[in-house]
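Notes to accompany the following structure.
The values are calculated or read from the model by the stated rules, or taken from the named source; none is laboratory data. Bear in mind that the values here come from a model prediction, so they are computed numbers and not experimental data. Neighbour counts run over all protein chains shown; Cβ positions are idealised from the backbone, glycine included. When the accessible area is computed, the model is the full protein with side chains, heavy atoms only, and any ligands, DNA or RNA have been set aside. Shrake-Rupley method; radii C 1.70, N 1.55, O 1.52, S 1.80 Å.
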Amino acid sequence: MTSSGNPYRFGAPVEDAWFCDRTGELETLLARMRDGIHVILLSPRRYGKTSLVQEALLRFRRAGYADLIRATSEHEVAAEILTATVNGVLRRPRRAARSLEEVIARLRVTPSVSVTPEGHVSFAFEPALARRAWQQILDDALDLLADAGRRGPVALALDEFQQVAEVGAGIGGAFKAAADRLTNVSLLFAGSHQSVMEKLTRARGAPLYGMGEVLTLEIVPREEMTSYLRRRARAGGKRLTKATAELLFERAGGVPNDVQWLAHAAYEHTAGEEVDERAIDAGLAAVVARQSSSFAERFEALAPSQQRTLKALAESPTRRVYGREFLERVEVANANAVRKALAALARAELVERSQGAWRLTNPFLRAWLLRA
């Protein structure tokens with residue numbers, strides 16, 4: 001069976017039949033967009049945040065999407081938001097040329113403009129000028145949004161918003177200042193690095209504190225995900241029992257992308273008509289083998305105390321990480337050493353605290369550590 005016939009997808013946003021039943025979260029996002037309410041969506045990586053956001057925007061229609069992950073400065077953030085506004089919120093194919101002329105005429109900082117054959121518009125600004133005038137670029141983009149909102153509800157999603165913490169403190173405050181004039185406009189701030197996003201949104205005095213409703217994305221519940229796994233297996237012409245789907249869910253730690261990844265690998269290693277436990281084991285071994293070089297590099301870059309902490313958590317999630325037993329397992333003198341190790345591992349997104357216990361974020365790294 002070739003991968004082109006595989007009914008599972010991972011590693012990128014999914015849609016249509018591959019979108020996994022986040023009915024409640026999707027309805028909430030759509031309702032807030034219709035009401036012009038801002039939303040702050042917090043989610044660890046690989047939980048399907050971008051798939052959820054893009055599905056909501058697809059159904060809402062008058063919406064734009066800006067991915068800020070590659071933005072390295074305030075003016076790059078502002079340019080990305082302007083581009084997303086024009087391509088998403090303002091896009092009207094029959095008037096594309098005239099609309100673009102109208103947009104450029106309203107901008108106080110003149111951009112260079114490129115248009116693809118499909119009509120996608122990109123804006124860029126001379127760096128020296130844009131560094132001084134990024135606030136004007138951003139304000140002009142938000143003014144375009146405000147005007148669009150006067151003709152009915154519109155939405156703009158800002159994905160990987162935690163990146164603004166790296167590029168400058170002023171961006172968050174600029175959105176806060178703009179909130180009062182954005183009638184019928186819903187801004188969706190979505191971020192994957194929870195600790196950074198919480199500093200931007202939840203602490204009193206934070207740039208986005210109190211700006212909108214905070215939604216935290218959890219894993220897809222076991223029942224929904226296992227039903228999805230079985231449905232997709234049938235679409236690929238294979239059987240998957242409920243018990244085996246639940247086993248696959250557990251082996252992947254329940255994280256949506258990792259569940260899809262392991263399901264994809266298990267499907268590839270299915271010899272007959274049924275995806276069974278042997279296929280799951282073979283798929284897991286294959287994924288770990290392909291990732292082993294990357295895992296080794298990341299592990300070798302860690303300090304010895306961090307390596308021992310990671311290995312201990314691979315053996316079992318732990319609540320009492322500052323107790324004597326755990327300190328002895330990781331061979332450190334005091335709780336402060338563990339605290340520093342956990343902080344470094346969490347920043348690297350190697351561990352997380354879930355339901356009161358510390359655990360590895362990646363089930364394949366865990367399998368690699370246990371087999372090494």
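Extending 7 Å from the Cα toward the beta-carbon at both SER227 and SER292 defines two label points whose distance is 4.0 nm. On a per residue basis, the stretch 174-318 carries 45 Å² of accessible surface, using protein heavy atoms and a 1.4 Å probe. Over the chain, dividing the summed -39,500 (n - 2.57) contributions of all DSSP H runs of at least 4 residues by the number of residues returns a 222 nm mean residue ellipticity of -16000 deg cm²/dmol. Sort all Cα-Cα distances of the stretch 218-293 into consecutive 10 angstrom bins from zero, then give the percent of pairs in each bin up to the one containing the longest distance. So the P(r) values, bin by bin, are 22, 57, 20, 1. Taking the centroid of alpha carbons for each part, the stretch 298-334 and the stretch 1-48 are 34 Å apart. Site pair ALA12 and ALA128 shows an inter-label distance of 4.0 nm when each label is modelled 7 Å from Cα along Cα→Cβ.
Here the stretch 151-305 exposes an accessible surface that is 49 percent carbon and sulfur, computed with a 1.4 Å probe and the other protein chains kept in place. For VAL14, the amide hydrogen comes within under 5 Å of the amide hydrogens of SER51, counting only partners 5 or more places away or on other chains and with H modelled in the peptide plane. Going by the alpha-carbon gyration tensor, a ≥ b ≥ c the square roots of its eigenvalues, is the stretch 1-113 rounded (a/c under 1.5) or, if a/c is not under 1.5, prolate (a/b greater than b/c) versus oblate? In terms of gyration-tensor shape, prolate.
The orientation-averaged projection of the convex hull spanning the C-alpha atoms of the chain amounts to 21.1 square nanometres. For the chain, the residue among GLY11, VAL321, ALA265 whose Cα projects farthest onto the positive side of the dipole built from Cβ charges is VAL321.
The simple spin-label model puts a point 7 Å past each Cα toward its Cβ; for SER114 and ALA337 those points are separated by 5.3 nm.
Computed about its Cα centre, the charge dipole of the chain is approximately 360 debye, with only Lys, Arg, Asp and Glu carrying charge at their Cβ. With a Förster radius of 41 Å applied to the beta-carbon distance between ARG353 and ILE104, the computed FRET efficiency rounds to 0.25.
Over the stretch 8-87, accessible surface divided per residue gives 42 Å², non-protein components excluded, 1.4 Å probe. In angstrom, the C-alpha Rg and Dmax of the stretch 189-340 are 20.0, 59. Sorting 61-67, 361-367 by average packing, meaning the other beta carbons within 10 Å per residue, from highest down gives 361-367, 61-67. The protection proxy used here, the mean number of other Cβ atoms lying within 10 Å of each residue, ranks peptides 79-87, 242-250, 292-300 as follows, highest first: 79-87, 242-250, 292-300. Electrostatic bookkeeping for ARG320 treats Lys and Arg as +1 and Asp and Glu as -1; over the other residues with beta carbon under 15 Å from its beta carbon, the sum is +3. Taking amide H positions as modeled 1.01 Å from N, with prolines and chain starts lacking one, the residues under 5 Å from SER192 and 5 or more places away or on another chain are GLU160, PHE161, GLN162.
Panel note: the C-alpha atoms of the stretch 265-372, placed on their principal axes, show extents of 53, 28, 21 Å (largest first).
Given R0 = 56 Å, the distance between the Cβ atoms of ASP147 and THR241 translates into a calculated FRET efficiency of 0.50. Each 5 Å bin from zero holds the following percent of Cα-Cα pairs in the stretch 77-164: 3, 13, 26, 26, 20, 10, 3, 0.
From most to least packed by mean Cβ count within 10 Å, the peptides 231-239, 34-42 give 34-42, 231-239.
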